[in-house]
1. For segment 23-54, enumerate the residues that are charged (D, E, K, R), modelled with pLDDT under 95 and out of contact with any helix residue (DSSP H, G or I) (no Cβ under 9 Å at 6 or more places or on another chain).
2. Would you confirm, using the coordinates I've provided, whether residue 100 is surrounded by 14 or more Cβ atoms within 10 Å (Cβ to Cβ) and charged (D, E, K, R)?
3. Return yes or no: is residue 51 among the aromatic types (Phe, Trp, Tyr) and touching a residue at least 12 places away in the same chain (Cβ under 8 Å)?
4. Looking only at segment 1-33, which residues are aliphatic (A, V, I, L, M), touching a residue at least 24 places away in the same chain (Cβ under 8 Å) and farther than 19 Å from residue 52 by Cβ?
5. Kindly establish whether residue 77 is charged (D, E, K, R), under 23 Å from residue 123 (Cβ atoms) and exposed (fewer than 15 other Cβ atoms within 10 Å of the Cβ).
6. If we keep just the residues of segment 113-138 that are modelled with pLDDT of 85 or more and exposed (fewer than 15 other Cβ atoms within 10 Å of the Cβ), which is nearest to residue 9 (Cα to Cα)?
7. Could you tell me whether any residue of segment 63-81 is among the aliphatic types (A, V, I, L, M) and more than 14 Å from residue 15 (Cα to Cα)?
Amino acid sequence: MDIFSKLRNMKILIIDDDEWIRDSLRIFFEAEGCHVVVLETAEEGLAELKYQAYDLIIVDYQLPGMNGLEFLKRSNDEHSDAMKVMITAYRTNGVVSEARKLKIQGFIEKPFTSESLMASLAHLIEMGELRKKRGIHG
């Protein structure tokens, strides 16, 4: 599967407080022709979601103020169809359990490479397509 042919047709929202990660991911996705919006805080993400729907939301767990799980909890009702991925260096059982309740489909563990990011997203998109074919939601 050509992951970028799928991603180019999606609106991608990335939220991470680390400037280096934000800039790297923005450059990476834009270089492949993807539509991506990159923000620093969960609060900015909630404001953005009031005006724009996204197909893929990638959010860091550890953010200033509201963490990534709380952000997804607050945005879940209006954006339940979006694929959700959590970036984390803190993948504990508690975080995973809460993430599953919020229907977060994937994790990207820090530190990550572009290859591991693409492998995670390819798997997520493939699983989403299988669910659609089978008529399974969430």
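1. So in segment 23-54, the residues charged (D, E, K, R) come out as 23, 26, 30, 32, 40, 43-44, 48, 50.
Checking which are modelled with pLDDT under 95 leaves us with 32, 50.
Residue satisfying the conditions is 50 alone.
2. Details: surrounded by 14 or more Cβ atoms within 10 Å (Cβ to Cβ): no; charged (D, E, K, R): yes.
So residue 100 fails the test.
3. On the way: among the aromatic types (Phe, Trp, Tyr): yes; touching a residue at least 12 places away in the same chain (Cβ under 8 Å): no.
Against the criterion (among the aromatic types (Phe, Trp, Tyr) and touching a residue at least 12 places away in the same chain (Cβ under 8 Å)), residue 51 does not qualify.
4. First, pick out the residues of segment 1-33 that are aliphatic (A, V, I, L, M): 1, 3, 7, 10, 12-15, 21, 25, 27, 31.
Subset that is touching a residue at least 24 places away in the same chain (Cβ under 8 Å): 1, 3, 7, 10, 12-15, 21, 25.
Result: 1, 3, 21.
5. Considered against the rule, which asks whether it is charged (D, E, K, R), under 23 Å from residue 123 (Cβ atoms) and exposed (fewer than 15 other Cβ atoms within 10 Å of the Cβ), residue 77 comes out as no.
6. Step one: of segment 113-138, the residues modelled with pLDDT of 85 or more are 113-126.
Then drop every residue that is not exposed (fewer than 15 other Cβ atoms within 10 Å of the Cβ), which leaves 113-116, 119, 123, 126.
Details: 113: 23, 114: 19, 115: 20, 116: 21, 119: 18, 123: 17, 126: 15 Å.
Ranking the qualifying residues of segment 113-138, first place goes to 126.
7. Looking only at segment 63-81, we keep the residues that are among the aliphatic types (A, V, I, L, M), and these are 63, 66, 69, 72.
Adding the requirement that they be more than 14 Å from residue 15 (Cα to Cα) leaves none.
Taking every residue of segment 63-81 in turn, none turns out to be among the aliphatic types (A, V, I, L, M) and more than 14 Å from residue 15 (Cα to Cα).
The values are calculated or read from the model by the stated rules, or taken from the named source; none is laboratory data. All figures in this text were calculated on a predicted structure; none of them were measured in a lab. Cβ sites come from the backbone with ideal geometry, for glycine too, and all protein chains shown count toward neighbours.
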